[in-house]
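Remarks on the structure that follows.
The values are calculated or read from the model by the stated rules, or taken from the named source; none is laboratory data. As the structure is a prediction and not an experimental result, all values here were calculated from the model. Here the Cβ positions follow ideal geometry from the backbone for every residue, glycine too, while neighbour counts run over all protein chains shown.
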Amino acid sequence: MSELFGIIGNPIGHSLSPLIQNEAYELNEIDAYFKAFHVESKDLESAIKGMKAIGVKGFMVTVPFKAKVIPFLDEVDPMAAKKKAVNVVQLIDGKFVGYNFDGEAWLKALLEDMNTQSIDKESILIVGAGGAAQSIYHTLSQYENLHIDIANRTVVKAEELKKLGGNHKQTTVISLEEAENKQNQYDIIVQTTSIGMWPEINQSPITITNLKESAFVSDIIYNPAESELLKQARKNGARTQNGMKMLALQNALAIEMWTGRKVDYEKMMKSLKEALRFI
Ligand code: ATR
């Protein structure tokens, strides 16, 4: 019997995960089907119970449930518990166990596109302090010598993120205005908010006018493929990366966890690019 996997979120209609997951199953002869489930917040607990009852072996979790899902799972991996967010759930011995691969997927994509094995002593700006920023900040704690500034509209939230997060030696919380003023001091800038996402494509949380010569700018937004922030960064001479590789890697990591099969995420990226041309 085919396995059933899925993703829960709200809204979820535009999720590209079903497309790339089902294509990967077909290419790799994995006998499974992946479906997006639109869930109302009030129904989250019963949706999870229902998935267990009908034999779902794993599911992904997206906005706005990454934190809200935790109380309804049987167990949460320590890293995901620290990040207070879950993006993948697996059924293990009858228990739904939550994990978080967001930060790892982002970091792998970053290192690949920067063409480097590791980052050290870099000065990094994280824009935003929500779930995605949290996961990225925690993942970066494996590098001890980074200087990290966290800039957020609500500065208190960035303070909270700093308090919760990792073993970073040096983190400073700043406002978005300060980040804009200091932009030429950063080697890497990562944009983690939804500002600039389709359909508000002309917005950017900070205006890029003056970057360090070798700067690398990463935006986790993938629709549009080039956000306003990335456009400005490219015009200022930076190397840039959108969120497509991160999305493909998140899905590839989920498939690997559920089925033990490594799938080609480059192929997933090709399908994503193709699909986004028609949205
Ligand atoms: P996610 O889990 O996708 O990261 P989230 O937890 O809701 O989503 O976080 C959204 C992030 O986008 C936050 O950093 C938020 O800033 P606040 O903490 O000030 O709310 C940021 N954000 C969203 N809309 C924004 C806007 N219009 N201007 C500035 N920041 C915004």
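In segment 118-161, of all residues being within 17 Å of the chain's Cα centre (by Cα) and of a type in the set (S, T, Y), the one that is farthest from the ligand (Cβ to nearest atom) corresponds to S141.
When restricted to residues that are in a loop (DSSP other than H, G, I, E, B) and buried (at least 22 other Cβ atoms within 10 Å of the Cβ), segment 66-97 contains 5.
Answer with yes or no whether L164 is at pLDDT 95 or above and either out of contact with any Leu (no Cβ under 7 Å at 6 or more places or on another chain) or within 16 Å of the ligand (Cβ to nearest atom) (or both). Spelling it out, it is not the case that L164 is at pLDDT 95 or above and either out of contact with any Leu (no Cβ under 7 Å at 6 or more places or on another chain) or within 16 Å of the ligand (Cβ to nearest atom) (or both).
Counted as qualifying within segment 162-271 are the helices (runs of 4 or more DSSP H) with 2 or more residues that are within 17 Å of the chain's Cα centre (by Cα) and crowded, with 20+ Cβ neighbours inside 10 Å, namely 244-259. When restricted to residues that are within 20 Å of N100 (Cα to Cα) and either more than 16 Å from the ligand (Cβ to nearest atom) or among the basic types (K, R) (or both), segment 48-66 contains 8.
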